[in-house]
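Visitor: There's a structure below that I have some questions on.
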Amino acid sequence: MDTQQFIPNSLQNKITKTSFTWKTPSNIALVKYWGKTEPQIPKNASISFTLSNSHTITTIDFTKKSNSEADNKINFELFFEGKKKEDFKPKIAKFFERILEYCPYLTTYTMVIHSENSFPHSSGIASSASGMSAIAMCLMSLEKSLSSIELTNEFINKKASFLARLGSGSASRSIEGPLVVWGNHPDIKGSSDVFGVPFPYEVHEVFKNYHDAILLVDKGEKQVSSTVGHDLMHNHPFATQRFDQANENLAKISKILQNGEIDSFINLVESEALSLHAMMLTSTPYFILMKPNTLEIINAIWRYRDKTGSKVCFTLDAGANVHVLYPANETETIAQFIDNELSKFCQKNHYICDIVGLGAVNI
Ligand code: PMV
């Protein structure tokens, strides 16, 4: 794996004070990543839709340390939604330490980070993908200004994805859009274990502008973090079969996305969601992240599809919330279906309407 390319060797310390702001989205995996080895190398390839409305906006102010302040430490302050957030700091500090080799300028500046999410606090939507990718983009903006050679957008996105991955695996898929593959796979040209790449083939019309309504079944803290869940895939009795299944599903979905076979898409995406949760049910120790209302929603979607011939389907993250996926031509009917039959299973009837997007935006 060529990670040497991400170690900068043409930096000039010419900037004393600067600031960058990036808006980066969350993503929803269609073929799931669950299981990894150090350093954040996935056990199988995964693919996701990049979202739009569920995003993080992060500003980093960089101030160069004076000669007397110069040290080899990473110094930063963190504000989340306007308030100082000491409890988020250790995760970000660990992330910065992991990427220091690739971002040596981290010790040259003091950083003040301001971050906010578009989705409600503790909605159960993972904020690590959008959060880590936003920081990675801010760092790449600094690197671009410090570099004495011109950095192409292609390199910036690739390295941002590489850095974001070291913060949270799925964050590698939150730099670009509308579909991103992370993990080396023979059918996906240019794919890599160390960064995400945009799906490199022409996508059928039916999968353009796909919608994702995120039904907020449970807004509480997850009982089992994804870090613990990934770890439980070591020595899992079905691990090998699962990693093979995911890679086979990636080969299948690559064809489906190109030929527009939406029934096969539904089948594969729902099976992936349930396989992910099956891994949790069969880990040692076992655990269940779905809630009764998760199953109510799944059953209601199946009944609705049988009754109407709709192409709506669901997927799940590592949590109880349900992502309801549907093509753009069903926007109105599915909005009614959600309001009439699904929102009652959400906490305070709350859900978020999202749509597939193109990735990070500089603001
Ligand atoms: O990026 P992590 O470590 O939070 O893991 C994400 C795992 C899933 O969201 C369940 C699946 C995926 O591929 O996004």
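Visitor: I'd like to check something: does the range 70-93 contain any residue that is of a type in the set (Gly, Ala, Ser) and open to solvent by less than 50 Å² (accessible area, probe 1.4 Å)?
Guide: Looking through the range 70-93, at least one residue is of a type in the set (Gly, Ala, Ser) and open to solvent by less than 50 Å² (accessible area, probe 1.4 Å).
Visitor: Take the residues in the range 31-40 that are open to solvent by 20 Å² or more (accessible area, probe 1.4 Å) and in contact (Cβ under 8 Å) with a residue 24 or more places away in the chain; name whichever of them is nearest to residue 15 (Cα to Cα).
Guide: Ranking the qualifying residues of the range 31-40, first place goes to 39.
Visitor: Run residue 26 past the list (1) at pLDDT 95 or above; (2) under 21 Å from residue 120 (Cα atoms); (3) away from the ligand (no atom under 16 Å from the Cβ) and report the number of the one that doesn't hold.
Guide: (3)
Visitor: Quick one: count up the residues across the range 173-205 that are farther than 20 Å from residue 160 by Cα and open to solvent by 40 Å² or more (accessible area, probe 1.4 Å).
Guide: The number of residues fulfilling the criteria is 6.
Visitor: Sticking with this one: Specify which of the listed residues (151, 139, 146, 216) is among the hydrophobic types (A, V, I, L, M, F, W, C), free of Cβ contacts under 8 Å to residues at least 24 places away in the same chain and more than 15 Å from the ligand (Cβ to nearest atom).
Guide: None of the others qualify; the one that does is 151.
Visitor: With (1) polar (S, T, N, Q); (2) open to solvent by 10 Å² or more (accessible area, probe 1.4 Å); (3) touching a residue at least 12 places away in the same chain (Cβ under 8 Å) as the list, and residue 299 as the residue in question, which single condition is left unmet?
Guide: Answer for residue 299: the failing condition is (3).
Visitor: Another one. Can you name the number of the only condition in (1) modelled with pLDDT under 95; (2) out of contact with any helix residue (DSSP H, G or I) (no Cβ under 6 Å at 6 or more places or on another chain); (3) more than 22 Å from residue 129 (Cβ to Cβ) that residue 11 fails?
Guide: Status for residue 11: all satisfied but (2).
Visitor: Further question on the same structure: Determine which single condition residue 274 fails, assuming it passes every other condition in (1) more than 21 Å from residue 342 (Cβ to Cβ); (2) assigned to a helix (DSSP H, G or I); (3) modelled with pLDDT of 95 or more; (4) not acidic (Asp, Glu).
Guide: Condition not satisfied by residue 274: (1).
Visitor: Would you point out which residue out of 28, 47, 99, 57 is crowded, with 16+ Cβ neighbours inside 10 Å, farther than 26 Å from residue 356 by Cβ and of a type in the set (A, V, I, L, M)?
Guide: Checking each option against the conditions leaves just 99.
Visitor: Give the residues of the range 331-363 that are surrounded by fewer than 14 Cβ atoms within 10 Å (Cβ to Cβ), acidic (Asp, Glu) and over 14 Å from residue 212 (Cα atoms), sorted by residue number.
Guide: 339
Visitor: Yes or no: residue 127 of a type in the set (Ser, Thr, Tyr) and over 30 Å from residue 348 (Cβ atoms)?
Guide: Spelling it out, it is not the case that residue 127 is of a type in the set (Ser, Thr, Tyr) and over 30 Å from residue 348 (Cβ atoms).
Visitor: Something else: Only one residue in 52, 66 is more than 16 Å from the ligand (Cβ to nearest atom) and either farther than 30 Å from residue 324 by Cβ or at pLDDT below 95 (or both), so which one is that?
Guide: Answer to the check: 66.
Matching residues to (1) among the aromatic types (Phe, Trp, Tyr); (2) open to solvent by 70 Å² or more (accessible area, probe 1.4 Å); (3) within 27 Å of residue 50 (Cβ to Cβ):
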site: 237; (1), (2), (3): no, yes, no
site: 244; (1), (2), (3): no, yes, yes
site: 251; (1), (2), (3): no, no, yes
site: 267; (1), (2), (3): no, yes, yes
site: 321; (1), (2), (3): no, no, yes
site: 324; (1), (2), (3): no, no, yes
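Visitor: Do we find that residue 10 is without any contact (Cβ under 8 Å) to a residue 24 or more places away in the chain, away from the ligand (no atom under 16 Å from the Cβ) and either polar (S, T, N, Q) or open to solvent by less than 50 Å² (accessible area, probe 1.4 Å) (or both) in this structure?
Guide: No.
The values are calculated or read from the model by the stated rules, or taken from the named source; none is laboratory data. As the structure is a computational prediction, the values presented were derived from the model and not from experiment. Reconstructed Cβ throughout: ideal geometry from the backbone, glycine too, with neighbour counts over all protein chains shown. Surface areas here come from the heavy atoms of the whole protein model, side chains and all, with no ligands, DNA or RNA. Shrake-Rupley method; radii C 1.70, N 1.55, O 1.52, S 1.80 Å.
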